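Worksheet for the structure shown next.
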Amino acid sequence: MDELYQQYSQIVYQFLYAKCLDKELAQDLMQETFLKALESLGSYDKSCKLSTWLCQIAKHLLYQHWSKTNRARLEELDETLESDYDTQRHALAKVELADVWERLQKLPPDSRKAVELRVLGGLPYREIGRVLGKSENWARVTFYRAKLLLIEEV
């Protein structure tokens, strides 16, 4: 194998360098090419020149490298975009919440309490009516009307 390396390493290196234009990457992949060739020497069927077979292995390794690198870059980009999107979404949600809170404060006291108990407290209409000394139907209608007023101001 040492003889093969001496004889073909420059050919493989030049092939890789011509494809990737990166000396270090070409050197690394050239060495990896000979490791792969050593592992699969039994599968070399002599249907092409040995240099061609080695360059095919090198090309495959280069494409694998590019695939992994591009995948990693895409994942980084996705994370960055997702992070930016989450930050923007969070900021918009805060602005919208502040806006809704401001509109909520303008509602009549009973309506405001009904909305707070329903949305913030998660209480059913029956409980809201009981807490405010009104009927379940009153709580349902009051909440609905308050919701319409909040939507109208948007």
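No lab work stands behind these numbers, since they all come straight from the coordinates. This structure is a prediction, so every number in the text was calculated from the model and none was measured. Ideal geometry is used to build each Cβ from the backbone, glycine not excepted, and the neighbour counts take in all protein chains shown.
The table below lists the values:
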| quantity | calculated |
| --- | --- |
| Lys, Arg +1 and Asp, Glu -1 on Cβ, resulting dipole of the chain about Cα centre, debye, nearest 20 | 960 debye |
| Volume per residue of the C-alpha convex hull in the range 27-74, rounded to whole Å³ | 73 Å³ |
| Evaluated at q = 0.16, 0.17, 0.26, 0.31 Å⁻¹: base-10 log I(q)/I(0), Debye formula over Cα of the range 102-146 | -0.32, -0.36, -0.84, -1.14 |
| Hydrodynamic radius (Kirkwood) for the range 12-53, which is based on Cα pairs only, to one decimal in Å | 11.0 Å |
| Scattering curve values for the chain, log₁₀ I(q)/I(0), Debye with Cα scatterers, q = 0.20 Å⁻¹ | -1.10 |
